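Let me begin by presenting the structure, written as C-alpha cells, before commenting on it.
Nothing in this text is a laboratory measurement; each read-out follows from the coordinates by a stated rule. Since this is a predicted model, take the numbers as computed values, not measurements. When we count neighbours, we look across all protein chains shown, and the Cβ atoms used for this are built from the backbone with ideal geometry, even at glycine.
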4 protein chains.
Amino acid sequence: MLIVLKPGVTQDEIDHIVEKIKSLKLNPHVSTGVQRTIITVIGDEDIIREQPLEALAGVESVKSILRPFKLVSKETHPDRTVIKVGDVEIGGPRVVVMAGPCAVEGEAAVVEHARMIKKAGAKMFRAGAFKPRTSPYSFQGYGREGVMFMVAARQETGLPFVTEVMDPRDVEFLAEHADMMQIGTRNMQNYNLLKEVGRMRTPVLLKRGMNATINEFLMSAEYILAQGNRNVILCPRGIRTFEDITRNTLDAGAVPVVKELSHLPVICDPSHAMGIRDYVIPAGLAYIAAGADGLIVEAHPNPEDATSDGQQTVNYEQLTDLIARVNKVAKAIGRDCY
Amino acid sequence: MLIVLKPGVTQDEIDHIVEKIKSLKLNPHVSTGVQRTIITVIGDEDIIREQPLEALAGVESVKSILRPFKLVSKETHPDRTVIKVGDVEIGGPRVVVMAGPCAVEGEAAVVEHARMIKKAGAKMFRAGAFKPRTSPYSFQGYGREGVMFMVAARQETGLPFVTEVMDPRDVEFLAEHADMMQIGTRNMQNYNLLKEVGRMRTPVLLKRGMNATINEFLMSAEYILAQGNRNVILCPRGIRTFEDITRNTLDAGAVPVVKELSHLPVICDPSHAMGIRDYVIPAGLAYIAAGADGLIVEAHPNPEDATSDGQQTVNYEQLTDLIARVNKVAKAIGRDCY
Amino acid sequence: MLIVLKPGVTQDEIDHIVEKIKSLKLNPHVSTGVQRTIITVIGDEDIIREQPLEALAGVESVKSILRPFKLVSKETHPDRTVIKVGDVEIGGPRVVVMAGPCAVEGEAAVVEHARMIKKAGAKMFRAGAFKPRTSPYSFQGYGREGVMFMVAARQETGLPFVTEVMDPRDVEFLAEHADMMQIGTRNMQNYNLLKEVGRMRTPVLLKRGMNATINEFLMSAEYILAQGNRNVILCPRGIRTFEDITRNTLDAGAVPVVKELSHLPVICDPSHAMGIRDYVIPAGLAYIAAGADGLIVEAHPNPEDATSDGQQTVNYEQLTDLIARVNKVAKAIGRDCY
Amino acid sequence: MLIVLKPGVTQDEIDHIVEKIKSLKLNPHVSTGVQRTIITVIGDEDIIREQPLEALAGVESVKSILRPFKLVSKETHPDRTVIKVGDVEIGGPRVVVMAGPCAVEGEAAVVEHARMIKKAGAKMFRAGAFKPRTSPYSFQGYGREGVMFMVAARQETGLPFVTEVMDPRDVEFLAEHADMMQIGTRNMQNYNLLKEVGRMRTPVLLKRGMNATINEFLMSAEYILAQGNRNVILCPRGIRTFEDITRNTLDAGAVPVVKELSHLPVICDPSHAMGIRDYVIPAGLAYIAAGADGLIVEAHPNPEDATSDGQQTVNYEQLTDLIARVNKVAKAIGRDCY
C-alpha cells in the first residue's frame, strides 16, 4: 500500500497516520521527497484495505500494490483449472462450443433444438428458463418447468446443459438438475446469489457484468470460490461503451488478461457481445484467437421465430460453419477441438 | 416502429415482412425511396417490440418510436408524484436531505449518528445493515439485527430511515421495519428483487445502475410499479465512465431528463457520485440546481473511523454546511426546504 | 514513482532496475514484503516518467505519485488566475455568460445576434467562423470573412467575442482580430495547434475533449502555458458515455476537481453537454452551482433557422431567463454577477 | 428520415413542419397513430440532415435512416479496395504486418530497426518522426530530419514506410517522402489535416479516434476521399472505456462492422489497443481472426531502451513469433500471407 500525502501535510498529521498504521500491526515507511512525502506499507494489504485511510487529514491518495483476489489468482494456484461437465472438459487443450436458443420454447422445441445443436457439432446445450427481461411486460420464461424440459433434452441427446439462475431461492433446484448454472451479466454483483451458488458444487458460468472491470469480474468469481465452489468458468460477453452500432463492444482483449491473472477457464459469448447475427462468427473467432477455451452461442433453427434475441441468433447452417471455423483457428493457435 | 430494409431487399422479402406484421394485427405502411425502402408500423409498439424483426431476411434495422415504459411515464401520469415517508414529503416543493453513515456500526453508534444528523438538519436517516461489498472478505454488515438498531434510533429521534435490501428473502422483513427500502446500484436489474419490493407498499429508493441508461433505469422502476407499488423514488448516484480521478462521474444531467420523462421524485447521491469527501458539497449543489428533489449523503461524526466509505463521508460540520447551502440554492431556483 | 515488481522477480532483475534508476541520478528505495517487492523513487518524477520502466524484466507496474502538470497546477500557483477580456473579468468573483449562435450567418445577422445577446444580458459574444463539421458535405463556415463580421459586431455592441481556431495557419489572424480563441473539443490534443496559440497572448478557451480525462485536459492547457500564453480558460462541455438520450453527458462533477487542481478559470458549455435545448438551463445552473466561473451558451433569435446546432440552441426568451436564474444561483453560493 | 412528433402536437405545428419539408423539395408522409404522429421523409437525406428539425415546435426526435457516408460505403463501391504501397498490396488476399519502433531514434538506429523488422518478416516499416506527446515536456520527435532517416532506411532495406503527420504544413513534405502517411488517433477529427492529406495521392493510414464511433471513423475517411484521395486504410487501435488494466480496450469487434460498411482495407494496431507487451500477440491474432487485412505493431530490438512506448513494444523474438502465428491464423480463416 502506498499513501501519498498532500503538499502541505503537517508533522502532526504524519504522526497520526503512522500511529494509525502501527495500531493495525503493520510497518509504515516514510519517505520525504522535494515535492511529496509518501508512506509505504508492506504487509497484509487486506487489513489496511478495509481502513478509510483516504479519510485521514493530510492524505492525498492511497494506491494498492496487490490485486484484491486470492483464490482465483494464478499466484496462489499456478496450474490452469480444468472443469468437467458431463464428458466435456472445459479449460483443457480442447476448445468447446455450447449452443442453444436464448429461451426455452416448450418441451418439444427444446428437444428438437438440442438435437440440432448436437448435430451441428456443439458439445453442450444452453437455453434460458428464467429470463431477465428489461421489460416487466416481456415473457419472463418457463421457470422450473423449463429446466425440466432441458433435463428431458439431455436424456434424449446426452448433451449436458447450462441455464441461468436469477434468484437465490432457485439455486438448490438448479444445482440439482442443471449441469452448469449461469450467473447473468446483470447479476454479476448480486452477492447473495453468488454466495448461494458458492455453497453448491455444480459448475458456475459467471458472465462478466456489462460494465464490470476485470478486477471486479474476478472479485465476483472470488465470492463463489470463497464459499467452497471452485468450479467457476469466466464468461466475457461484451461490455458497454459509447459505440452504438453493435449491442455491446466485443471484449476479446479481456481474454489474455483474465488468463494471465487467473487459473479459471474462459468461455466467451460472441452473440451478446455483438448483438447482430452476421457478426457472431468473426467475433467468436476473435475470442478463440485471443485464447478463449470455448464459446457459448445463441442458435435457433429459425431465428425469426425465436422467442427472444432473434436478431443475434445464428441458424443451423451458421452454427455448423462457426464450429468448423472455430476448430480451424483453434488448431492454428495450437489448441485442439472436440 | 420503423423498419429500414437493406439496399438489395427483394419483393418476396418485403412481402414476407408485411405479412408477418399483418399477422400481428398491425398495419404496415411501405415507402420506397431512391436509396431505401422503409416500413412504418403505427400502433401498439409493445406487440411488435417482442418480435425479432431484425432476424427477418432483408431487414437492416428496426427503430422504436415510443419509449418502452408506461406507468413511470409522465405521458400516462402528468402530475408529479409526492411520496410521504413519515412526516417527510418527497417530490413536493420542499427539498429533502437524508444522511447517515455508510454502514450500521452497532446500536449505540446508530442512535448517536441519527441524533447527529438530525441536529445537522437532515430529515431522514440512512445506514446499511446489508452491505454489498466488492470483496467477500470485507465485513458484510449487521443484517437484520442492524435494521433493528435503526428502529431503535427512529424511536429516539423520530427520523424515518432508509436501508438497503439485497435479497428477495429479506424484503418482507424490511418492508415491515424500514420506512423506505433501497435497491442498490448493483441490483438495479435484479428483477426478482424488483418484483418482490413491487409487491410491498413501503417506498423504494431505486439507485441508478452505474452503467444503466436512463431508459433502463426507468424500466427498472416500471418493474416495481407494474407489481403495484407506486412509491418509487429515483436515485441518480453517478455513472461509470473513463474518468479516473473521481470514483464515478456525477450524473447531474440525468436529473432534468428523468424529471421530464417521469412523474416520480428524484433524490440524488453526491457521495457515491464523486467518491471524495471534498467534492460532495459542490456535487450536491449541482444536483439540486439541476432539479433534484433532495439528496442522500454519507455522513459520520468521525469519517476516519467509519467502517466503510470513509473517504467519501462528510463529517458533522460539513453536513451542516451542506444543508445550509442546499437550502440557499433551493430557494434560488424557486424551491422550498425543510 | 512506485515500481511494483512481479512475484517471481530475481535478484539480478532487481539489481538491473536499481542500476537503471541510479543512472538517472535518482535514489531508489527497495522494500521487500511477503507477497511483493516494491521500489520507491522519490525525486523529480519527470525524469523517470520518460523511461519505459514497464519494459524492464521483473516489473509488474509503475505508479506515478505526482500529477504531470506544473504551470496549470495550484501547487505552483496558489492564487486563482483572473483573465481580462475587454472589460470582462473571467475567474473573478463575478459569473460571466457568453452567448451567440453556433455559426456565423452573414454580416447583418451577426450584428443582429450580438445585439440580441447583449440585450439579454450576456457579456461576451460567441459564433463560429471556422466550423468543424462531422460531414465533409456540411457547410464549413465563413472562415476569415466571418471573423471580420464579428469584428463589425463588436464595434456595434462593444461586446468582446470568442471564436474557434482549427488550423495553425489561422492562429496569427485570429490572435489579432478575436478577443479570445477557442480550441474545440476535437482539437484538444492537436498539439501543433496548442503550441501555436501558446505563442500568442490572446486568451484561449480550451474545450475539454469529449473523451479526455481531467489529467489530459490539464496537460493540454499545460502545452499552451508552456509556450508562454498564460491566458487559458478551461471549458468543460460534456463527455461521451454510454448514455444515449442526451448528446453528451454533463460533466458538472469535473468543475470542483479542475478548480482544486488548477488556478485557471472555468467556463462551461451546457449547450453541447446536453445537446437538447430544453435541458440547457438546468445544466447551466448545475455547472454554476458546482463552481463554474461562467457559461458559454448557443443562442439564436430563431433556433429553427440556425445554420447548425438548432436543436440545442436557446432562443432570446430562454437566454434572458437563463441569465436571470444563473445570477440567482450565483448569489446563493456566494458569487456575484455582471 | 423519420420525425417523431410530441404527444400533444397541434395541427398548426404539423402543418408548419410539413411546409418546411416541402420547401426543401422533399415529400413528407404523415402517419397518425394512437399514441404518436410521425412524419416519414423519403429522399435525399443529406438535404434534410442539415436542417435543425429538432428545433421545430412539436418535434420530439428525428431519426436518420441512411448512413451519412457515401464514398467510403460499400453501397456505392461494392468491390473491396486494394491499395498498393511499394510492392505491398493492402486489402488483398494476403495479410500484411508493418512494424517498427514508436519513435525514430537517430539515423543509424532507424536503419538497424528496419533491417531487424525485415528479417523478422514484416513487409513495411513504421516509426514516428513527429510525435504527439501528452506532455509538452516530453521529446517531440526528430521531425522532418527523422523522415529522411526513414528514407535512408528504405534505400537500405527496400521496405516502404509509414509515418505520422500532425500538421497541415507538413503534409506536402510527407506526401513526397513517405510511402504512407498516418493520421493519429488524436487527429482523427482534425478536419483541416484530413482535407490536406485528401489533396495528395499518397496512401493514408487513418487511426480510429480513441472515442470515435464507427460512424464518425468512416466520416473522417469520407473527408479524405471527398478531396480526391481514395487511398485510405482504416486502422482500429483500441478505444477508451472504463477498463483500467489495459491502456485501451481492444476493438476487434469493429473489424467485421467496418468491413461490412466500407470497401476500404483495414490494418489494426494491437500495440496501442492493449498497451502491454505481453498481450500484443493474442490481440493481434484476434484482429486477424476478426477479418483484419493486417497489423501495425510497435517493435524494438531492446524495448527497455526505446524512446517511448517501451512497455507496449515487442522485441525481435516476439515480432518473429507474432508474424509466424499471424500467418497460421490467416491461413486458418482462408487468407494468405506474405
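When the alpha carbon gyration tensor of the stretch C:8-164 is reduced to an equivalent ellipsoid, its three semi-axes come out at 56, 21, 12 angstrom, largest first.
Taking other C-beta atoms within 10 angstrom as a stand-in for reagent exposure, C:Lys119, A:Lys70 fall in the order C:Lys119, A:Lys70, fewest first. Fully extending the segment from A:Asp336 to A:Glu107 would add 79.1 nm, taking 0.36 nm per residue of separation and subtracting the current Cα-Cα distance.
Karplus-based coupling profile of the stretch D:231-246, in residue order and whole Hz: 8, 10, 10, 8, 10, x, 8, x, 10, 8, 9, 6, 5, 10, 7, 8, with θ = phi - 60° in 6.51 cos²θ - 1.76 cosθ + 1.60 and x standing for Gly or Pro. Take B:Val151, move 7 Å from Cα toward the beta carbon, and the resulting point lies 4.0, 7.9, 8.6 nm from the same point in each other copy, nearest first. Of all DSSP beta bridges confined to chain C, the antiparallel ones make up roughly 40%. Look at the stretch C:126-132: the mean tally of other chain Cβ atoms within 10 Å of its residues' Cβ atoms is 1. What is the Cα centroid distance between the stretch C:237-288 and the stretch A:211-269, reported in whole angstrom? With the stretch C:237-288 and the stretch A:211-269 each reduced to a Cα centre, they are spaced 32 Å.
Dipole check for chain B: with +1 at the C-beta of Lys and Arg, -1 at the C-beta of Asp and Glu, and the Cα centre as origin, the magnitude is about 620 Debye. Counting Cβ atoms of other protein chains within 10 Å of each residue's Cβ and taking the mean over peptide B:328-337 gives 4. Rg then Dmax, both in Å and based on the Cα atoms of chain D: 23.1, 76. Working from label points 7 Å from Cα in the Cα-to-Cβ sense, the A:Gln227 to D:Phe173 distance is 6.5 nm. For B:Lys6 and C:Asp321, a Förster radius of 45 Å and the Cβ-Cβ distance give a FRET efficiency of 0.45, rounded to the nearest 0.05.
Across the stretch D:108-118, rounded Karplus estimates of 3J(HN,Hα) from the backbone phi angles (6.51 cos²θ - 1.76 cosθ + 1.60, θ = phi - 60°) give 4, 4, 4, 4, 4, 4, 5, 4, 4, 6, 5 Hz, Gly and Pro being marked x.
With a threshold of 22 Å on the Cα-Cα distance, the over-threshold entries among B:Lys328/C:Lys118; A:Lys123/A:Lys207; C:Lys259/C:Lys331 are B:Lys328/C:Lys118.
In debye to the nearest 20, how big a dipole does the stretch A:141-190 give about its Cα centre with +1 on each Lys and Arg Cβ and -1 on each Asp and Glu Cβ?
For this selection, approximately 120 debye.
Taking the Cα centroid of the stretch C:313-334 and of the stretch A:160-198, what is the distance between the two, rounded to the nearest whole Å? Cα centres, the stretch C:313-334 to the stretch A:160-198: 53 Å. Across the stretch D:319-336, computed HN-Hα scalar couplings (Karplus, 6.51 cos²θ - 1.76 cosθ + 1.60, θ = phi - 60°) run 5, 4, 5, 4, 5, 4, 6, 4, 4, 5, 5, 4, 5, 4, 9, x, 9, 10 Hz from first to last residue, x flagging Gly and Pro. Near D:Ala226, once Lys and Arg are set to +1 and Asp and Glu to -1 for all other residues with Cβ below 14 Å from its Cβ, the sum equals +2. Distances between copies of A:Phe139, taken at a point 7 Å out from Cα along the Cα→Cβ vector and listed shortest first: 4.8, 5.2, 6.4 nm. Only Cα pairs under 8 Å and 6+ residues apart enter the sum, and on that basis the relative contact order of chain D stands at 16 percent. Could you please state, rounded to a whole Å, how far the C-alpha centre of the stretch A:1-79 is from the C-alpha centre of the stretch D:1-50? Between the Cα centres of the stretch A:1-79 and the stretch D:1-50 lies a distance of 62 Å. Taking each DSSP H run with n ≥ 4 as -39500 (n - 2.57) and averaging over every residue of chain A yields -10000 deg cm²/dmol at 222 nm. Ranked for footprinting exposure by Cβ neighbours inside 10 Å, fewest first, C:Phe130, B:Phe125 give C:Phe130, B:Phe125. Here the protein assembly as shown carries DSSP beta bridges of which approximately 40% are antiparallel, counting only pairs with both residues inside. For trypsin sites (Lys or Arg not before Pro), the sites in the stretch A:14-49 that DSSP calls loop and that have at most 14 other Cβ atoms within 10 Å are A:Lys25.
Placing pseudo-labels 7 Å out from each Cα toward the beta carbon at B:Ser23 and C:Val34 gives an inter-label distance of 6.6 nm.
When a footprinting reagent is the concern and you count Cβ atoms within 10 Å, what order do B:Met150, B:Met219 take, fewest first?
Result, fewest neighbours first: B:Met219, B:Met150.
Other residues lying with their Cβ under 13 Å from the Cβ of D:Ile47 contribute a combined charge of 0, Lys and Arg counting +1, Asp and Glu -1. For peptide B:191-201, the mean count of partner chain Cβ atoms within 10 Å of a residue's Cβ comes to 3.
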